[in-house]
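Asker: First the structure, then my questions, so here it is.
A short reminder: the numbers here are calculations on the coordinates, not readings from a lab. The model shown is predicted, which means the values in this text are computed figures rather than measured ones. With ideal geometry, Cβ positions are generated from the backbone for all residues, glycine too; neighbour counts draw on all protein chains shown.
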Amino acid sequence: MQTHTKTGNQRDLAALFCQRYNCPPSEFEGRAFRKCLPFHAWVLAPLIRKVAPAYFDRDFILIKYLGTATGRREARLELEAFREANKSRWSFLRNVLSVRVSGARAARLANALFESRQRDSLPELGGSVADWS
């Protein structure tokens, strides 16, 4: 895992998430985990976390690594690794019932956060088109 610069336009996903959802960095992983769970898993996840705390380890590793991503490419690579890990370690709950972080939800979240960063960093253009030349 690499340490990423969090200045200017290179803020990582965790910083963007905390800014968007107004939460301290200490709450990033838990809140991102809940946002990335499929709706039907919201009921089961708290019970599973109490009965088998290690069940969601892979999911929290994904959230942690996604949090360090400074762009869409890095996020996509982490999501691909997560998909492969889920394929290689098959389980009924994870693969059939999808009681796990949704890669599609995580990708949408990452894309939305990086898109808002890009939109927020665009300079305001003033004047008329004639002034641009």
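Asker: How about the range 6-82: which chymotrypsin sites (Phe, Trp or Tyr not before Pro) there are in a DSSP loop, with at most 14 other Cβ atoms within 10 Å of their Cβ?
Answerer: When the chymotrypsin sites (Phe, Trp or Tyr not before Pro) of the range 6-82 are filtered for loop state and at most 14 Cβ neighbours within 10 Å, Phe39 remain.
Asker: Counting other Cβ atoms within 10 Å of each Cβ, which trypsin sites (Lys or Arg not before Pro) in the range 55-123 have at most 10 and sit in a DSSP loop?
Answerer: Of the trypsin sites (Lys or Arg not before Pro), the ones in loops of the range 55-123 whose Cβ has at most 10 other Cβ atoms within 10 Å are Arg89.
Asker: Let me ask something additional. Considering only Gln19, His40, Pro53, whose Cα is most displaced toward the positive end of the charge dipole of the range 10-120, charges sitting on Cβ of Lys, Arg (+1) and Asp, Glu (-1)?
Answerer: His40
Asker: Right, something else. Can you work out the Karplus-derived ³J(HN,Hα) for every residue in the range 40-55? Use 6.51 cos²θ - 1.76 cosθ + 1.60 with θ = phi - 60°, whole Hz, and x for glycine or proline.
Answerer: My calculation for the range 40-55 gives 5, 8, 4, 6, 7, 4, x, 5, 5, 4, 6, 7, 9, x, 7, 3 Hz in order.
Asker: Okay, next question. In whole Hz, what ³J(HN,Hα) sequence does the range 58-73 give by Karplus (6.51, -1.76, 1.60; θ = phi - 60°), x for Gly and Pro?
Answerer: So the Karplus estimates, Gly and Pro as x, are 4, 5, 6, 5, 4, 4, 4, 5, 4, x, 8, 5, 10, x, 4, 4 Hz.
Asker: What is the set of long-range amide H partners of Ala69 at a cut-off below 5 Å, with H atoms built 1.01 Å from backbone N?
Answerer: Amide H neighbours of Ala69: Leu13, Ala14.
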